[in-house]
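Novice: This structure is in structure tokens; I'll ask about it shortly.
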Amino acid sequence: MPKTLIEPFRIKSVEPIHVTTRAEREQMLQAASLNVFKLRAEDVLIDWLTDSGTGAMSSRQWGAIMEGDESYAGARSFYRLEKVIQDLTGMPHFIPTHQGRAAEKVLFTAACRQGDVVPNNCHFDTTRANLEYLGVQALDLVVAEGLQPQLVHPFKGNIDLARLEALLQHDGARIPFGMLTVTNNTGGGQPVAMANIRACAELLHRHGKPLIMDICRFAENAMFIKMREPGYADKPVREIAREMFSHADGATMSAKKDGMVNIGGFIVLRDARWLEAVRNGLIMMEGFPTYGGMAGRDLEALAVGLEEGLQEDYLRYRLRTAEYLGERLDAAGVGFVRPTGGHAVYIDARTVLPDMPVAHYPAWALCNALYLEGGIRGVEIGSVMFGKRLDDGTETYHAMELVRLAFPRRMYTQSHFDFAAEVIAELKDKAADIRGVRIVKQPKYLRHFTCDCEWVDA
Ligand SMILES: *Cc1c(COP(=O)(O)O)cnc(C)c1O
């Protein structure tokens with residue numbers, strides 16, 4: 001068998017991307033105040049800002065779009081998707097929303113009270129924000145291995161069961177439910193083992209608490225279990241996914257990830273405990289229960305996408321793509337969070353720019369350099385995103401300086417990845433020329449999206 005793992009699809013419709021000159025990119029980055037969030041997408045060659053809602057739909061999904069039933073109530077498209085989700089999750093109650101954070105908001109509003117505590121391996125930022133908005137404490141209890149970027153471990157997304165048990169014993173009355181995020185996006189797209197899911201569910205159930213899973217990347221997680229966890233190598237991924245869901249009492253999903261669509265989300269529940277409050281909240285915040293926040297055509301595309309996202313040749317290619325870029329970075333002496341996750345590679349900017357002061361934001365600097373050198377857009381996960389300017393003008397900094405390259409599904413081919421690997425290797429050689437920045441204008445919250453920067457050496 002040849003060793004090259006090919007993209008398991010051929011291309012039926014193409015979208016041109018534009019090669020720009022270095023001089024043009026310098027001008028465009030300057031016009032964007034040295035903040036790649038403010039670039040026009042047209043001016044980006046390879047856009048790895050996020051894997052959320054950015055992937056390519058299949059010809060089957062585009063065909064299904066034409067089958068969309070746009071009836072306000074009781075649309076055929078709702079019942080079709082409901083059946084797919086019931087079969088997949090084994091849970092009877094399906095509630096559609098317009099994206100993942102809406103599912104969180106509707107469920108948490110129904111199930112949480114001010115003063116509650118919700119443990120998770122790691123809360124995604126919208127999950128945390130939705131809980132904190134309701135006065136609920138969002139607690140991250142990922143295992144210690146999950147916080148060490150260079151350490152190789154097959155399941156760095158696992159939750160720390162001992163800490164969860166201690167929390168249940170001391171603060172049980174304040175816990176409405178426990179959560180698990182699969183894969184652990186905030187922690188580098190790292191998977192959670194079936195043994196950990198099972199043990200976490202048993203522990204919660206022993207204390208009378210339900211398990212709610214954040215299942216944005218459930219298919220990637222199931223494939224990691226197949227490849228890494230003893231006893232699963234010969235099980236179909238679909239069965240592994242069903243086994244994962246069998247331990248949960250409910251789930252929230254952003255369909256923009258493993259749903260293989262550009263917009264959509266849902267809640268699924270095993271019993272009726274929060275159902276009435278969820279449906280009432282849904283009608284107020286999203287829409288009537290048979291469409292939630294989605295058009296009939298989007299429900300159809302998702303019904304097909306959930307099946308396609310579980311195809312094993314697709315998932316093998318998907319996980320291998322990230323691993324392949326990791327191997328190329330390794331060869332170039334560029335560090336990254338190990339092992340590579342399902343949807344992204346997180347470059348450790350410190351291994352390219354070891355001497356740049358953190359006050360010049362090395363990961364942000366590397367992000368800008370990626371754009372200038374190769375027209376590639378990633379996202380800084382470092383001290384611009386997680387640091388803070390205090391009232392006295394001093395700053396707090398983040399523990400890590402990472403650049404995340406997140407891969408839209410079925411969108412880029414191996415030559416795009418080879419190109420990116422070359423660009424990154426070249427940057428490593430020319431690191432002395434990479435310029436740091438200072439922030440000249442910033443909002444109080446979430447400053448990375450909109451801040452204006454200048455070169456420090458200008
Ligand atoms: C993307 C994401 C969400 C939020 O979903 P949106 O569709 O972006 O609102 C929640 N949790 C995780 C783990 C995610 O990756």
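The values are calculated or read from the model by the stated rules, or taken from the named source; none is laboratory data. The model shown is predicted, which means the values in this text are computed figures rather than measured ones. Because the Cβ atoms are built from the backbone with ideal geometry, glycine has one as well, and the counts that use them run over all protein chains shown. In case anyone asks, the SASA skips ligands and DNA or RNA and just uses the protein heavy atoms, side chains included. Shrake-Rupley method; radii C 1.70, N 1.55, O 1.52, S 1.80 Å.
Novice: Pick from Asn221, Asn185, Asn262: which is modelled with pLDDT under 95 and either within 17 Å of Pro92 (Cα to Cα) or under 22 Å from the mean Cα position of the chain (by Cα) (or both)?
Specialist: Going through Asn221, Asn185, Asn262 in turn, the sole match is Asn185.
Novice: Within the set of pairs 6 or more residues apart or between chains, which connect a residue that is basic (Lys, Arg) inside the range 136-160 to a residue that is crowded, with 22+ Cβ neighbours inside 10 Å and outside any loop (DSSP other than H, G, I, E, B) with Cβ atoms less than 6 Å apart?
Specialist: Lys156/Gly146; Lys156/Gln190
Novice: Just a yes or no: is a residue in the range 34-45 open to solvent by less than 40 Å² (accessible area, probe 1.4 Å) and among the charged types (D, E, K, R)?
Specialist: For the range 34-45, residues open to solvent by less than 40 Å² (accessible area, probe 1.4 Å) and among the charged types (D, E, K, R): present.
Rundown of residues vs (1) assigned to a helix (DSSP H, G or I); (2) in contact with a strand residue (DSSP E or B) (Cβ under 8 Å, 6 or more places away or on another chain); (3) more than 25 Å from Gln148 (Cα to Cα), yes/no style:
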{"residue": "Glu373", "(1), (2), (3)": "yes, no, yes"}
{"residue": "Val384", "(1), (2), (3)": "yes, yes, no"}
{"residue": "Leu405", "(1), (2), (3)": "no, yes, no"}
{"residue": "Met411", "(1), (2), (3)": "no, no, yes"}
{"residue": "Phe417", "(1), (2), (3)": "yes, no, yes"}
{"residue": "Ala420", "(1), (2), (3)": "yes, yes, yes"}
{"residue": "Ala432", "(1), (2), (3)": "yes, no, yes"}
{"residue": "Arg438", "(1), (2), (3)": "no, yes, yes"}
{"residue": "Lys444", "(1), (2), (3)": "no, no, yes"}
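Novice: Something else about it: Quickly run through the range 141-165 and pick out the residues that are closer than 27 Å to Arg447 by Cα and open to solvent by 60 Å² or more (accessible area, probe 1.4 Å).
Specialist: Matches in the range 141-165: Leu147, Gln148.
Novice: Further, regarding this structure: When you scan the range 323-337, do you find a residue that is open to solvent by less than 10 Å² (accessible area, probe 1.4 Å) and either modelled with pLDDT under 95 or assigned by TED's automatic domain parsing to the domain that holds Gly63 (or both), even just one?
Specialist: no
Novice: Quick one: which residue in Ala365, Ala359 is surrounded by 24 or more Cβ atoms within 10 Å (Cβ to Cβ) and assigned to a helix (DSSP H, G or I)?
Specialist: The unique qualifying residue is Ala365.
Novice: Follow-up. Read through the list (1) at negative phi; (2) of a type outside the set (D, E, K, R); (3) away from the ligand (no atom under 16 Å from the Cβ), then give the number of the only condition that Gly74 fails.
Specialist: Failing condition for Gly74: (1).
Novice: Open to solvent by 60 Å² or more (accessible area, probe 1.4 Å), in contact with an Asp or Glu (Cβ under 9 Å, 6 or more places away or on another chain) and modelled with pLDDT under 95: which single residue out of Arg435, Arg389 fits that description?
Specialist: Only one candidate passes the filter, namely Arg389.
Novice: Turning to a different aspect of this structure: Restrict the check to the range 235-253 and report whether at least one residue is among the small types (Gly, Ala, Ser) and open to solvent by 60 Å² or more (accessible area, probe 1.4 Å).
Specialist: The answer is yes; a qualifying residue exists.
Novice: Another one. I need every pair where a residue in the range 72-89 that is surrounded by 24 or more Cβ atoms within 10 Å (Cβ to Cβ) has its Cβ under 7 Å from the Cβ of a residue that is of a type in the set (Gly, Ala, Ser), sequence separation at least 6 or different chains.
Specialist: Ser77/Gly68; Ser77/Gly296; Leu81/Ala303; Thr89/Ala251
Novice: For the range 255-292, which residues satisfy the criterion of being within 11 Å of the ligand (Cβ to nearest atom), of a type outside the set (A, V, I, L, M, F, W, C) and open to solvent by less than 10 Å² (accessible area, probe 1.4 Å)?
Specialist: Across the range 255-292, the qualifying residues are Asp258, Gly259, Gly264, Gly265.
Novice: Cβ-Cβ distance below 6 Å, separation of 6 or more or different chains: which pairs start in the range 215-233 with a residue that is surrounded by fewer than 24 Cβ atoms within 10 Å (Cβ to Cβ) and end on one that is charged (D, E, K, R)?
Specialist: Going by the 6 Å Cβ cut-off, the qualifying pairs are Tyr232/Lys226.
Novice: Additional query: If you take the residues in the range 227-241 that are in contact with a helix residue (DSSP H, G or I) (Cβ under 7 Å, 6 or more places away or on another chain) and charged (D, E, K, R), which one is nearest to the ligand (Cβ to nearest atom)?
Specialist: Filtering first and then ranking leaves Glu229.
Novice: Right, something else. Considering the range 3-56 alone, what residues qualify as being farther than 29 Å from Gly305 by Cβ, not aliphatic (A, V, I, L, M) and not in a helix (DSSP H, G or I)?
Specialist: Lys3, Thr20, Thr21, Ser33, Asn35
Novice: Now, a different point. Please specify each residue of the range 206-226 satisfying the condition of being away from the ligand (no atom under 13 Å from the Cβ), not in a helix (DSSP H, G or I) and not hydrophobic (A, V, I, L, M, F, W, C).
Specialist: His207, Gly208, Lys209, Pro210
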